[in-house]
Every structure is written in C-alpha cells, then in structure tokens.
1. Find the residue count for segment B:97-115, including only residues that are among the aliphatic types (A, V, I, L, M), over 18 Å from residue B:22 (Cα atoms) and touching a residue at least 60 places away in the same chain (Cβ under 8 Å).
2. Run residue A:28 past the list (1) on the phi > 0 side of the Ramachandran plot; (2) without any contact (Cβ under 8 Å) to a residue 40 or more places away in the chain; (3) among the small types (Gly, Ala, Ser) and report the number of the one that doesn't hold.
3. Residue A:201: at the interface with chain B (Cβ under 9 Å from one of its Cβ atoms), over 25 Å from residue A:25 (Cα atoms) and either outside any helix (DSSP H, G or I) or modelled with pLDDT under 90 (or both), yes or no?
4. Say we look at segment B:42-62 and pick out the residues that are charged (D, E, K, R) and over 14 Å from residue B:79 (Cα atoms); which of these is least open to solvent (accessible area, probe 1.4 Å)?
5. Every residue in segment A:167-178 that is part of a helix (DSSP H, G or I) and either surrounded by 19 or more Cβ atoms within 10 Å (Cβ to Cβ) or within 14 Å of chain B (Cβ to nearest Cβ) (or both), please.
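The values are calculated or read from the model by the stated rules, or taken from the named source; none is laboratory data. What you see is a predicted model; the values in this text were computed from it and never measured. Cβ: placed from backbone, ideal geometry, glycine included. Neighbour counts: every protein chain shown. SASA here: full protein model, heavy atoms, side chains in, ligands and nucleic acids out. Shrake-Rupley method; radii C 1.70, N 1.55, O 1.52, S 1.80 Å.
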Number of protein chains: 2
Amino acid sequence: MPGTLFIVTAPSGAGKTTLVRGLLERDAKVQLSISYTTRVPRPGEQNGCEYNFVDVDTFRVLRDRGEFLEWAEVHGNYYATSRVWLKEQIALGRDTLLEIDWQGAQQVRKAFPDAVGVFILPPSFEELESRLRGRGTDSDEVISRRLLGARGEMRHVGEFDYVIINNELHDAIDDLVAVVRAARLRYDNQQARHPSYFDFLEQD
Amino acid sequence: MPGTLFIVTAPSGAGKTTLVRGLLERDAKVQLSISYTTRVPRPGEQNGCEYNFVDVDTFRVLRDRGEFLEWAEVHGNYYATSRVWLKEQIALGRDTLLEIDWQGAQQVRKAFPDAVGVFILPPSFEELESRLRGRGTDSDEVISRRLLGARGEMRHVGEFDYVIINNELHDAIDDLVAVVRAARLRYDNQQARHPSYFDFLEQD
C-alpha cells in the first residue's frame, strides 16, 4: 500500500511552518520529508531524524548517481532532497510531506506525478507585506527583496492542486488536515489499502 | 463563484443516509439536492424544501423539454432530478449533494463533469449481509435480492473519485466532511472564490 507525497509550497511570511506543525500535531500518520546534508549534526540531532547526515564524499556520490531531486550549497554545506529516499518512504506506505519552493515542486512533480500539491497563500499581499515588516528586524531593502521573491513564488499558485488561504490559523490547519484526509480516500489509495475487498467487488 | 456538486452513491445498508445527515449537521454550507415529484405534499412538507412539487402536466412538459437528468415512476407518482435546477444551484454558489444510484451517477457526471463522486462502502460484504438481515423485517428472498443489488451497485465503485468505508460512523462522517472541505480548496474553486486576488497574483 503506497503512501501519498504532499508538496507544500508558500511564499515567505505565509505561515507555512506553523501550519505544517499544526498538521503534524493533528495527524500522526504524516511525516516530514528528511533532507540530506553534509553539515555537522548539532547537539541532540540524530541521523535520520532532523536530517540524513552524510559526509561530502558520500553526498557527491549520491548526487552524481542522480539520486537527488534537487540540491543546493548554503554557507558551505550541501543540502538535498533525495528521490530515492522519498520513493522508499512512499513505497513503505508513509504519507510524507515535503516543504519546497515552486522550482523544487516542479522537479518533484516530474518524479512523483501522483503527488498532491498544496500552496499556502497569505490573506492578501498587503497582509504579507505587513507580516514581513512586523518582524521588525529587517531593513527596507531586505523586505523589498522578500516581497519580490514572494510575488515570484505566488505566481505559480496555478501549478498546485489545492490552495489554502491562511487567514485564520485554526481554519487553515483544518484545511490542511482535510486535504490530507481526503487524499487517503481517493479511489486509487483505498483500492491499494484494501486489495482483497476491491478485487472481490470488481470481479466479473 | 460556482458551488460544487457532490454525488453520493452507496448500496442499500451501507449507512448512506446517516452519514449524509452527519455531514449536513457539521457543514451548514452543503444542501441536499431537491427532486421534482408529482406526489401530493404530506402535512408539513413545503414546496422547495423536501421536494419541488409539480402537477403531472408540468412534470411532463419539463421532462419533454429535457430538463431532467433522470426520472422514474414509483407507485404511480413521478420523481425526477432536474438538470436545470442543479445548474442553477451550482451557479448560485451552493454546494449541493445528490444521493443517487450508479446509473443516475453516470448521467449526472455527463452533465456535470466537475462533480465530485463519493462512494460509500460497508466494512465488508459479510457485514452488509448481517446489517440487511439484522433489520429482521424482510424475507430471505428479499434479502437475497437486496444483496445481489448491492453487489451490482458496488461493482461501480471505480467510477467514483472518493471511497469511504463506513466502519465507524464517526470516522466516516469525518471522512465525508474532509472530502467536502478539500473540494472547496481545489485551485479552480479558490480562484473562482477570490478572483481579484488570483488575477493580481497571476498577472505578468
């Protein structure tokens, strides 16, 4: 019985992290996708929990084998989303949620055409601006750059199956929980979960 | 902003009526589809609530105009599902739920390709049999005929988008609520509900 891959994309400031945390608290059958990284584990971090920790040589081997959907270097460390790891989790029946930007989402969709795409929007563009300003720590230039980036991200909303407008956090969590629950009820998923029942029903 | 049409189909004994009642109690934005009938209103029944009550001549005119998706004569009275009424409700933005058999569902799907199909299954065929027997009022012959009918209905489960297995009523109601909630979050529905926001996001 395969699991479902959920792709969650949002512009910075839409509240994605809080929303996803809310989902995980409500639905114990969803796990977060775990990235590969070459960065050193921080105290308390366990391999296979926060990240799959690998050394640079291993990372390069995996990358050159084409095992990654996407990878990036940030502050001298490598990070990647592993196609092979995701395939394995889905095959094991684990519903897995991947937070990723629109470009990554396009890559993932090619490799996982059955993935369910969810885009999170802020209540309005004005509200997004005020949320980004409200953090109070960033210069006008940084905020302008973030807004431009958010605008570029949001242009891709039409590539997603579901759109959640994060107006009230509680409602938006209910929305995300419903999307995940409904995905499990799709005919293909139910058939895969109850093969003998469906075989019996559909035989001639 | 258009509403969504939900088609709910189930074999006799799957618990459809209780499930749908549970949905309506939880989600005030869903209405039941209202059939046309030539039968005389019972005390307390209001035109446009339980049924759209019409006389036989009007019924025949509507039928001959092709306004009905399907119609039937039961105990000398006519009953019909009106394509025109449903189109109107959907156009008014009203999420409408239609309980109908698999043949009716096929007709509805032709006229409403965006309809969301939900099939309700009993926990197992054995459980269905014991539920039908448990009513205690029917002869073995009637029960056998019902089971055969249920089997014929269930063969069409693959024509539906979602499958809910009514194992625990409370879970099954949660399932149906989630399917309806998720349908409202589909990209097309959100875009239709928030046209100026989406126009702004997607303009060049």
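1. Of segment B:97-115, the ones among the aliphatic types (A, V, I, L, M) are B:97-98, B:100, B:105, B:108, B:111, B:115.
Still in the list and also over 18 Å from residue B:22 (Cα atoms): B:105, B:108, B:111, B:115.
Subset that is touching a residue at least 60 places away in the same chain (Cβ under 8 Å): B:105, B:108, B:115.
Looking only at that region, the number is 3.
2. In the conditions (1) on the phi > 0 side of the Ramachandran plot; (2) without any contact (Cβ under 8 Å) to a residue 40 or more places away in the chain; (3) among the small types (Gly, Ala, Ser), residue A:28 misses (1) alone.
3. Numbers: at the interface with chain B (Cβ under 9 Å from one of its Cβ atoms): yes; over 25 Å from residue A:25 (Cα atoms): yes; either outside any helix (DSSP H, G or I) or modelled with pLDDT under 90 (or both): yes.
The answer is yes for residue A:201.
4. First pass over segment B:42-62, keeping only residues charged (D, E, K, R): B:42, B:45, B:50, B:55, B:57, B:60.
The next check asks that each one be over 14 Å from residue B:79 (Cα atoms); those that pass are B:42, B:45.
Values: B:42: 140, B:45: 40 Å².
Only one residue fits best here, namely B:45.
5. Of all residues in segment A:167-178, those part of a helix (DSSP H, G or I) come to A:169-178.
Across segment A:167-178, the qualifying residues are A:170, A:171, A:172, A:173, A:174, A:175, A:176, A:177, A:178.
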